[in-house]
1. For mean projected area of the Cα convex hull in nm², the choices are (1) 7.9; (2) 8.6; (3) 10.1; which was calculated from the structure?
2. Given a 1.4 angstrom probe, I'd like the percentage of the accessible area of the chain that is carbon and sulfur, rounded to a whole number.
3. Using the per-residue mean of other Cβ atoms lying within 10 Å as a proxy for protection, in what order, highest first, do the peptides 75-84, 23-32, 91-100 fall?
4. How far apart, in nm, are the 7 Å Cα→Cβ label points at T31 and E78?
5. With each pseudo-label sitting 7 Å past Cα toward Cβ, what's the S90-E22 distance in nm, one decimal?
6. Distance in nm between label sites at D5 and T107, each 7 Å beyond Cα in the beta-carbon direction?
7. Find how much the distance from E114 to R63 grows on full extension, using 0.36 nm per residue of separation minus their present alpha carbon separation; answer in nm with one decimal.
Amino acid sequence: MAAQDVAASRSAHLQRIAQVLEAQFPDICKTQPELLAQHYTQAGLGAQAIPYWHRAGQRAIQRSANAEAIAHLTQGLEVLQTLPDTVERSYQELLLQTTLGPALMATRGCAAPEVGHVIAQRA
């Protein structure tokens, strides 16, 4: 089997897993959104992954797991960069950045360069 076929098959399996989780295990979607985010990201479906990265970041912040929130939200922003520049993408970026700011402030302080970068992105 060619490498392309293996990659396509893997992506299809990851997509199917994420779809089954959404359809049949709504509790997992609520409690472990990063699981769906990872599956959609690895399947190459960034648009489907972004909302789950955002939810994962929000859930981590609710638990005061700011370092985890930063990781999830940063991953979401990285995936976002692979998508076409549209109004929807700009909206998703704003949501991710707005959620990321407080987590960065809590872990690195208000004067950290990363916080300034997030604030500049929102301006």
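The values are calculated or read from the model by the stated rules, or taken from the named source; none is laboratory data. It should be emphasised that the depicted structure is a prediction, and the values quoted were computed from it without experimental measurement. When we count neighbours, we look across all protein chains shown, and the Cβ atoms used for this are built from the backbone with ideal geometry, even at glycine. Areas reflect the complete protein model, heavy atoms only, side chains present, ligands, DNA and RNA absent. Shrake-Rupley method; radii C 1.70, N 1.55, O 1.52, S 1.80 Å.
1. Correct label is (2).
2. Working: 4000 of 7140 Å².
Result for the chain: 56 percent of the exposed heavy-atom area is carbon or sulfur.
3. Details: 75-84: 16.9, 23-32: 11.8, 91-100: 18.9.
Ranking, from highest mean packing down: 91-100, 75-84, 23-32.
4. With each label point 7 Å from Cα toward Cβ, the separation is 2.7 nm.
5. Result for the modelled spin labels: 2.6 nm.
6. Computed distance between label sites D5 and T107 equals 4.3 nm.
7. Values: separation 51, 0.36 × 51 = 18.36 nm, distance 2.17 nm.
So the chain would gain 16.2 nm between E114 and R63.
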